[in-house]
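The values are calculated or read from the model by the stated rules, or taken from the named source; none is laboratory data. Quick caveat: nothing in here was measured; it's all calculated off a predicted structure. Positions of Cβ are generated from backbone atoms using ideal geometry, with glycine treated the same way; all protein chains shown enter the neighbour counts. Side chains are part of the model used for accessible areas, which takes the heavy atoms of the whole protein and leaves out ligands, DNA and RNA. Shrake-Rupley method; radii C 1.70, N 1.55, O 1.52, S 1.80 Å.
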Amino acid sequence: MPVYFYWGDDDYQISQAVKKIIDTHVDPMWRDFNYAKVNATSDFEIMDGLNQAVTSPFGMGNRLTWLVNTSIAQKCSESLLTELERTFTNLPPDSYLLFTASSKPDGRAKSTKLLQKYAKVLEFSLIPPWKVEAIAQLVRQAATEIGLKLSNDGVDLLVDAIGNDTRRLTMELQKLQLAYYQHTKPITAKEIAPLVQISAHNSLQLASAIRAADTSQALSLIAELLRNNEVGLRICATLVGQFRTWLWIKLMQESGVRDDKEIAEAAEIGNPKRVYFLKQEVQGLSSQRLMRSLDILLRLEADLKHGKEENATLQTAIIELCQAMAK
């Protein structure tokens, strides 16, 4: 299929997928003639990219036209929609067209239905940091793909150290592959620890400090996270996910549900065994406190998205959260 649509917030995974398309379809000797990257933020730029795509390649190999940051799957004028369909139906077999976007396609849009008909649509979204089991599965899968064997505690250490950062995961696994290329047994956490830099704290530990209403510890953790170049919105997203999970657990408990599998399904927890530990974490908390905390976090998210100064905004929200949990 000569048309691709890649979307998601995992920029590294998208860049790797794009590189694979370029390496597969574009002759390196003719790349300057047959590869075009178009910043497709307006209809005019999209039209320009589509016109390039229907042009046959020059010399050897195929043509690839990459339209970056496109919003066609969210909004698309009728004239552009007509042009898209004309391009898809007349695209030369040796010309490839790639769209990339950060937002999920709107399933109601005519352009999305058109893309689903003609394009290979793939999602490249970061796994939410609180979905530890899914991140662990990603670590195992990535290690297996390069022939690296990891013990269970080795996987756990990498999850704690790297989180959902796919770029760093690739780099750390390549480092381990070089260091232990003759290793036949699974690499343990003890062997990994000297080679992988492990942040002393992460956003989930920040959530625990807030839950305990430990303002001093929470402010210290947020300062360290920001020093380590953690993005404020990502910190906020982790906190929202964690507090939402705690709220689900508490609401299910307060409604009399005792079956861990039922609780896990309602709270979207992959491993029901984790429910036992989550129950321990919400002991002494009320659903009202957790709901107040979510209100604060959603306001924090809105403030950060509107461009308020990150450090001060986060610190203020952390203090409010600790106060809400203490009441």
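Give me the count of lysine pairs in segment 128-235 whose alpha carbons sit under 21 angstrom apart, restricted to pairs 8 or more positions apart or on different chains. Write down the numbers at each step before the final one.
Numbers: Lys149/Lys175; Lys149/Lys185; Lys149/Lys190; Lys175/Lys185; Lys175/Lys190.
So the count works out to 5.
Which of the peptides 222-235, 303-316 is most tightly packed, and how do the rest follow, going by the mean number of other Cβ atoms within 10 Å of each residue?
On the way: 222-235: 16.5, 303-316: 14.1.
Ranked by mean Cβ neighbours within 10 Å, highest first: 222-235, 303-316.
If you fit an axis through the alpha-carbon atoms of helix 310-326 and take the longest principal axis of the Cα set of the chain, what angle between them do you get, 0 to 90°, nearest 10?
On a 0 to 90 degree scale, this one is about 40.
Kindly identify segment 266-327 as rounded, prolate or oblate by the Cα gyration tensor criterion: order the square roots of the eigenvalues as a ≥ b ≥ c, call it rounded if a/c is under 1.5, otherwise compare a/b with b/c, prolate if a/b is larger, else oblate.
Since a/c reaches 1.5 and a/b is larger than b/c, the shape of segment 266-327 is classed as prolate.
If Lys and Arg each add +1 and Asp and Glu each add -1, what is the summed charge of the other residues whose beta carbon sits under 13 Å from the beta carbon of Arg274?
Neighbourhood net charge equals -1.
Per residue, how large is the accessible surface of the chain? Use a 1.4 angstrom probe and give square angstrom.
Roughly 54 Å² per residue, with all protein chains present.
For Gln280 and Asp27 in one chain, what is 0.36 nm times their gap in residues minus the Cα-Cα distance, to one decimal in nm?
Gain in length upon complete extension: 85.2 nm.
Taking the simple approach of a point 7 Å from Cα along Cα-to-Cβ for both Glu310 and Lys261, what is their distance in nm?
Rounded to a tenth, the inter-label distance reads 4.4 nm.
Kindly rank 250-262, 287-299, 71-83 from highest to lowest mean number of other beta carbons found within 10 Å of each residue.
Descending packing order for the listed peptides: 287-299, 71-83, 250-262.
Residue separation times 0.36 nm, minus the C-alpha to C-alpha distance between Arg299 and Tyr12: what's the value? Could the numbers behind the result be given before it?
Details: separation 287, 0.36 × 287 = 103.32 nm, distance 2.90 nm.
Once the chain is fully extended between Arg299 and Tyr12, it gains 100.4 nm.
Viscosity 1.002 mPa s, temperature 20 °C: give me the Stokes-Einstein translational D for the chain in µm²/s, with Rh taken as the Kirkwood radius over C-alpha pairs. Kindly include the intermediate steps, with their values, before the conclusion.
Working: Rh = 22.8 Å.
For these conditions, the coefficient is 94 µm²/s.
Looking at the calculated P(r) for segment 231-297, what percent of the C-alpha pair distances fall above 19 Å?
When every Cα pair of segment 231-297 is considered, 30 percent fall beyond 19 Å.
Quick one: net charge of Ile146's neighbours, Cβ under 14 Å, K/R +1, D/E -1?
Taking every Cβ under 14 Å from that of Ile146, the sum is +1.
Using 0.36 nm per residue of separation minus the Cα-Cα distance, give me the extension gain between Asp43 and Ser102 in nm, one decimal.
Using 0.36 nm per residue and subtracting the Cα-Cα distance, I get 19.5 nm.
How big is segment 104-186 along each principal axis, measuring the range of its Cα positions in Å and listing the largest first?
Sorted largest first, the three principal extents are 53, 26, 17 Å.
Select from Phe243, Phe124, Phe33 the residue whose mean-square fluctuation is largest in a Gaussian network model of the chain (Cα-Cα springs shorter than 10 Å).
Between Phe243, Phe124, Phe33, it is Phe33 that shows the largest mean-square fluctuation.
Per 10 Å bin, what is the whole-percent P(r) computed from every C-alpha pair distance within segment 165-208?
For segment 165-208, the binned pair fractions read 23, 46, 24, 7, 0 percent.
Summing +1 for each Lys or Arg and -1 for each Asp or Glu, what net charge is found among the other residues whose Cβ lies under 15 Å from the Cβ of Ser293? Before the final figure, lay out the partial values.
On the way: positive: Arg211, Arg244, Lys250, Arg289, Arg292, Arg299, Lys327; negative: Asp214, Glu281, Asp295, Glu301, Glu320.
So the environment of Ser293 carries a net charge of +2.
Which percent of the accessible area of the chain is formed by carbon and sulfur heavy atoms (probe 1.4 angstrom)?
Of all accessible area on the chain, carbon and sulfur atoms account for 51 percent.
Taking the chain as the reference, fit the longest principal axis to its C-alpha atoms, fit the long axis of helix 78-90 to the helix C-alpha atoms, and give the angle between the two in degrees, 0 to 90, nearest 10.
60 degrees
To the nearest 10 degrees, how steeply does helix 132-145 sit against the main Cα axis of the chain, on a 0 to 90 scale?
50 degrees
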